[in-house]
Structure formats: structure tokens, C-alpha cells
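The values are calculated or read from the model by the stated rules, or taken from the named source; none is laboratory data. The structure presented is a predicted model; accordingly, all values stated were derived computationally and were not measured. Cβ atoms come from the backbone with ideal geometry, glycine included; neighbour counts cover every protein chain shown.
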Amino acid sequence: MESLVTWFTAHLGPYISPKAVVFIISLMPILELRGGLLAASLLKIPEIEAIPISIIGNILPIPFILLFIKQIFKWMKKVKLFRGLIEKLENRAMSKSDQIQKYEFVGLMLFVGIPLPGTGAWTGALIASLLGIDIKKSSLAILCGIVIATVIMYFISYVLLGNIVS
């Protein structure tokens, strides 16, 4: 993830403000808030500014995923070009859904909150949508997970790495 963050920071940095770079990285699947806070730390943006930017960037796509992804996937599967990709995305998401199915709210919250490869708000929202979890419950679980991820990534980006880089 660090190499992706570094690449986006280097290639977007000359054209837009550092805060906009953090926001865009936080919006992106895979990188999300984790990448946003890491980029903010590398760009020397104070955490008091970086945290809200990263949270907003990470939260922004979630309602759209929860509300529309099933319909979008259904439409895209009708197009032969996209069918394989969509089925692969669905299968990959559902392969990570065991704990979410079992523990629902807590499982989804921890899935989003613990920064491991393949986890995060985007995948959590996709799984919640595919499993048909109530949108209010899944939204709250994802929000709580983002808070957990924020605390963990703040510690990693600003406390651990901040002391190493300084």
C-alpha cells in the first residue's frame, strides 16, 4: 500500500493541494482512509486536519455502494465484457463474509476497522449489500469501523512512522 500511496502522492502532488491528494486517496478502494492518513503523514499535514479529510473521503462512497451496488452489478453482468469481473468481485467479497454473517454488526465493524489487506469500508459495504444487511445497521457498523481504523492508522502513520521519519 505504501508504494501506491507514494505513487499517487508524487503524481497528484504537483497539480493539486496536499489536502486534495489525501482526500482523493481516501476515496479510492484499496487505499481508503488507511492510505489517506499515510499520505497525510508523508505530506506533513497535521493530524487535526488530516483525520477529518480522510474520514470524509472514506465515508463518501459508502452510501452509494450500500444503495446501488446490487443494481449496478446486475446491470453490468448483462454485458458479457463485465460479467467475469463482477462475478470475481462478488466471489472475492463473499469469501470474506463468514465472520460478518456470523457476527453481523460487530463482524462488519471489525472487518472495516482492522487494517488488513482486502478489508475496509468499500469491501465491507459491498459484503453488507450482497448479504442484505439492513442499511442503517450496516452504515453504523461501517462508521464505527472507520473510527477504529482511524485510531489504528493515526497511531501507525503519525506516532510510529512519524517518529521514524522525523
Flag if Leu43 is closer than 19 Å to Ile146 by Cβ, in contact with a helix residue (DSSP H, G or I) (Cβ under 9 Å, 6 or more places away or on another chain) and touching a residue at least 12 places away in the same chain (Cβ under 8 Å):
no
Of the residues that make up the range 131-151, is at least one surrounded by 14 or more Cβ atoms within 10 Å (Cβ to Cβ), at positive phi and small (Gly, Ala, Ser)?
no
Being outside the structural domain of Ser26 (by TED's automatic domain parsing), more than 20 Å from Gly35 (Cβ to Cβ), free of Cβ contacts under 8 Å to residues at least 60 places away in the same chain and not polar (S, T, N, Q) is the requirement here; does Ile100 meet it?
yes
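Inspect the range 95-102 for any residue being buried (at least 19 other Cβ atoms within 10 Å of the Cβ), in a helix (DSSP H, G or I), at pLDDT below 95 and among the β-branched types (Val, Ile, Thr) and give the result as yes or no.
yes
So which of Glu32, Glu47, Glu87 ends up being acidic (Asp, Glu) and in the same structural domain as Thr123 (by TED's automatic domain parsing)? Let's see the steps before the verdict.
On the way: Glu32 fails: in the same structural domain as Thr123 (by TED's automatic domain parsing); Glu47 fails: in the same structural domain as Thr123 (by TED's automatic domain parsing).
Answer to the selection: Glu87.
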Restricting to the range 1-55, name every residue that is exposed (fewer than 13 other Cβ atoms within 10 Å of the Cβ), of a type in the set (S, T, N, Q) and assigned to a helix (DSSP H, G or I).
Ser3
Counting only residues that are in contact with a Gly (Cβ under 9 Å, 6 or more places away or on another chain) and either surrounded by fewer than 20 Cβ atoms within 10 Å (Cβ to Cβ) or farther than 20 Å from Thr123 by Cβ (or both), the range 56-69 contains a total of 0
